[in-house]
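Report on the following structure.
The values are calculated or read from the model by the stated rules, or taken from the named source; none is laboratory data. Since we're looking at a predicted model, the values are computed, not measured. When we count neighbours, we look across all protein chains shown, and the Cβ atoms used for this are built from the backbone with ideal geometry, even at glycine. Areas reflect the complete protein model, heavy atoms only, side chains present, ligands, DNA and RNA absent. Shrake-Rupley method; radii C 1.70, N 1.55, O 1.52, S 1.80 Å.
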Amino acid sequence: DDVAEMRDMLRNARRIVGFTGAGISTECGVPDFRSPGSPWLKFPPIEFGEFVSSPAARQEAWRRKFAMDDIYGHAKPGRGHRALAHLVSVGRMSAIITQNIDNLHQASGVAPSRIIELHGNGAYARCLDCGLRHELADIRARFEATGEPPVCASCGGIVKTATISFGQAMPEREMLRAQAVAMDCDVFLVVGSSLVVHPAATLPLIARQSGARLVILNRDPTPLDEAASLVVNADIGDALEPLAQLN
Ligand code: OAD
Ligand code: ZN
């Protein structure tokens with residue numbers, strides 16, 4: 001079947017690049033964006049322009065962030081994360097490009113140098129002006145005491161989670177690295193992404209144009225299914241778990 005074919009392809013590959021979306025984390029209790037029942041469908045995301053121009057939007061964004069962290073912030077890596085971490089550790093997977101901000105690839109023990117965070121990381125915050133890193137615990141304590149959205153202690157600038165919002169520029173270094181690894185693999189493995197958000201979703205096509213086989217492991221169909229060598233509509237944890245034994 002498809003799952004067996006995927007495992008064979010991965011066993012025979014020399015250099016795999018993983019490309020992950022929210023679907024790899026659903027078994028960890030972190031909801032994805034577009035599946036039925038997702039909390040993200042209930043309220044539209046606060047876009048970057050709004051965040052920057054409106055203190056009320058910033059306050060709402062931080063309120064949501066801390067509420068979400070209370071519910072999902074204790075998630076642990078799942079079978080998909082562990083399988084990919086194993087493939088990296090045995091030298092079969094050269095990099096994991098992730099759209100996720102949940103920090104679970106990092107928590108699964110993958111060296112930070114092997115992880116490309118396309119949409120940033122939700123585990124800390126940064127000043128939009130001077131780039132200074134701020135810790136969430138500090139921001140939260142002050143937010144809860146004053147009700148005011150945080151400003152940078154160093155320059156007075158606006159502080160935002162270190163994630164990329166709609167309307168915000170993609171991180172340049174990460175995009176360049178992602179393009180480079182996509183052009184240098186023989187299998188490009190998509191795991192748990194609807195592949196509708198660009199420019200992230202152009203990376204599978206870059207890999208394909210550079211000669212890689214494109215494998216898409218996702219429960220639901222994606223717009224890139226027709227470009228893929230293999231589409232596997234299966235549960236991620238079930239499908240990837242056996243790969244954690246591969247050497
Ligand atoms: P989506 O929610 O769009 O897609 C997740 C995909 O994972 C869906 O197509 C599901 O079918 C699949 N899925 C969920 N659980 C699964 C499981 N256990 N086994 C197999 N498949 C499963 O999430 P992303 O593609 O990651 O961007 O979303 C892309 C971007 O849109 C995010 O990075 C975020 C969002 O808005 C920003 O915030 C900038
Ligand atoms: Zn600053």
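With all protein chains present and a 1.4 Å probe, how do ARG126, ARG133 order by accessible area, largest first?
Numbers: ARG126 95, ARG133 115 Å².
Largest accessible area first, the list is ARG133, ARG126.
Which net charge results for the neighbourhood of PHE166, defined as the other residues with beta-carbon distances under 10 angstrom from its beta-carbon, given Lys and Arg at +1 and Asp and Glu at -1? Overall, the nearby charge balance is -2. Cα convex hull, the chain: 120 Å³ per residue, rounded to a whole number.
To the nearest µm²/s, what D does Stokes-Einstein give for the stretch 138-247 at 25 °C and 0.890 mPa s, using the Kirkwood radius over alpha carbon pairs as Rh?
Result for D is 144 µm²/s.
Packing here is the average count of other Cβ atoms within 10 Å per residue, and on that basis the peptides 84-93, 110-119, highest first, run 84-93, 110-119. Relative to the current alpha-carbon distance between ALA57 and VAL151, full extension at 0.36 nm per residue lengthens the span by 32.4 nm.
Within the stretch 150-239, DSSP assigns beta bridges of which about 10% are antiparallel (rounded to the nearest 5). Taking all Cα pairs closer than 8 Å and separated by 6 or more residues, the relative contact order of the stretch 95-247 comes to 16 percent. With K and R counted +1 and D and E -1, the other residues having a Cβ less than 13 Å from that of VAL190 yield a net charge of +1.
Note: the stretch 6-76, Cα convex hull, 137 Å³ per residue. Coupling constants for the stretch 45-60 follow from the phi torsions by the Karplus curve (6.51 cos²θ - 1.76 cosθ + 1.60, θ = phi - 60°), and in residue order they are x, 7, 7, 4, x, 5, 4, 6, 8, 10, x, 5, 5, 5, 4, 5 Hz; glycine and proline get x.
For the set VAL52, VAL30, VAL159, solvent exposure ranked by accessible area (probe 1.4 Å, protein chains only) runs largest to smallest as VAL52, VAL30, VAL159.
Quick one: net charge of SER229's neighbours, Cβ under 10 Å, K/R +1, D/E -1? Please list the in-between numbers first.
Working: positive: ARG208, ARG213; negative: GLU5.
Combined, the nearby Lys, Arg, Asp and Glu give +1.
Between the listed residues SER193, ILE158, VAL215, the Cα displaced farthest toward the positive end of the dipole of the chain, a dipole computed from Cβ unit charges relative to the Cα centre, is found at ILE158.
The solvent-accessible area of CYS155, taken with every protein chain present and a 1.4 Å probe, is close to 70 Å². Straight-line reach from LYS65: taking Cα to Cα under 17 Å and skipping same-chain neighbours fewer than 8 places apart, the lysines in range are LYS42, LYS160. Whole-Hz Karplus values for the stretch 74-83 come out as 9, 4, 10, x, x, 5, x, 4, 5, 5 Hz, taken residue by residue from phi with 6.51 cos²θ - 1.76 cosθ + 1.60 and θ = phi - 60°; glycine and proline positions read x. Give the separation of the Cα centroids, the stretch 3-29 to the stretch 144-220, in Å. For the stretch 3-29 versus the stretch 144-220, the Cα centre distance is 18 Å.
Counting only heavy atoms of the protein chains and using a 1.4 Å probe, ASP2 has close to 70 Å² of accessible surface.
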